[in-house]
Amino acid sequence: SETLDVSNSVVSDYESGRRASPGIGVVRRIVEALVEIDLRRGGETLRRYRRILGAGFEGGAVKDLRDYEKPIALDEFRDVIDARSIVDNKREIKGHTVVDSVEAIRTFSGEEFAQLYGWSTERALVFTNITRGESPLVAVRVTNLKPSAVVLHGISRGDISKIAEQIARLEGVSLSYTTTDLDEVL
């Protein structure tokens, strides 16, 4: 509230829902205030997010991360990337994240994996650079926050592990696969 130059009650009202959702101008001020506070404290939070996102957009583990203006049907998303359904829970998604599985295993800490999955609820997680699809689904299984859908990229139906399919069913996560070229998917 100090950084925003507003009273504590204003912040509390937004947090508790007593005030209507803030407009984009207020959201911008809040984000800028949080960034300023983090920088004053040494910038540790920003460094963690920058590592995940920065690496991703420069050829690292996260190849793409997008939020949509409005939810779209999972079927529409699958059509765009030419993905075929294995487990279908008929959900909408509000964004997608494309992850290079091997690079994520090499570079992410456990905390960074948790952050990635935390960002991915109501999203489609597209995993590329996989062989059987087990590892991504095991990672989904052991996290508390679940994506709406997982898409296994670069793998055909016959190569997908039965365990991956079983985990998707158990966790209530839609599962699809696509062999569409990664550049086209992106």
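The values are calculated or read from the model by the stated rules, or taken from the named source; none is laboratory data. All figures in this text were calculated on a predicted structure; none of them were measured in a lab. Ideal geometry is used to build each Cβ from the backbone, glycine not excepted, and the neighbour counts take in all protein chains shown. The protein model used for the area step is the full one, side chains on, heavy atoms only, and it has no ligands, DNA or RNA in it. Shrake-Rupley method; radii C 1.70, N 1.55, O 1.52, S 1.80 Å.
Things to note:
- Residues being open to solvent by less than 50 Å² (accessible area, probe 1.4 Å) and not in a helix (DSSP H, G or I) - total across the stretch 168-186: 8
- Test result for residue 142, under 13 Å from residue 85 (Cα atoms), out of contact with any His (no Cβ under 9 Å at 6 or more places or on another chain) and of a type in the set (Val, Ile, Thr): no
- Those residues of the stretch 145-180 which are more than 18 Å from the chain's Cα centre (by Cα) and under 13 Å from residue 83 (Cβ atoms), in sequence order: 154, 155, 156, 157, 160, 178, 179, 180
- Residues in the stretch 141-167 that are assigned to a helix (DSSP H, G or I) and touching a helix residue (DSSP H, G or I) at 6+ places or on another chain (Cβ under 6 Å): 141, 163, 164, 167.
- Where a residue in the stretch 141-152 is crowded, with 24+ Cβ neighbours inside 10 Å and its partner, wherever it lies, is at pLDDT 85 or above and aromatic (Phe, Trp, Tyr), with Cβ under 8 Å and at least six apart: 149/77; 150/127; 151/127; 151/177; 152/127; 152/177
- Within the stretch 82-104, not a single residue is assigned to a helix (DSSP H, G or I), touching a residue at least 24 places away in the same chain (Cβ under 8 Å), under 16 Å from the mean Cα position of the chain (by Cα) and surrounded by fewer than 18 Cβ atoms within 10 Å (Cβ to Cβ).
- Here 121, 107 are screened, and the one residue that is open to solvent by 30 Å² or more (accessible area, probe 1.4 Å), hydroxyl-bearing (Ser, Thr, Tyr) and out of contact with any Lys or Arg (no Cβ under 8 Å at 6 or more places or on another chain) is 107.
- Of 107, 178, all but one fail to be farther than 23 Å from residue 69 by Cβ and modelled with pLDDT under 85; the exception is 107.
- Only listed residue being under 24 Å from residue 130 (Cα atoms), modelled with pLDDT of 85 or more and either open to solvent by 60 Å² or more (accessible area, probe 1.4 Å) or assigned to a loop (DSSP other than H, G, I, E, B) (or both), chosen from 79, 5: 79
- The stretch 32-49 - residue that is open to solvent by less than 60 Å² (accessible area, probe 1.4 Å) and in a helix (DSSP H, G or I) and, of those, nearest to residue 111 (Cα to Cα): 45
- Looking only at residues in the stretch 10-31 that are exposed (fewer than 10 other Cβ atoms within 10 Å of the Cβ) and of a type in the set (Gly, Ala, Ser), the one that is modelled with the lowest pLDDT is 21.
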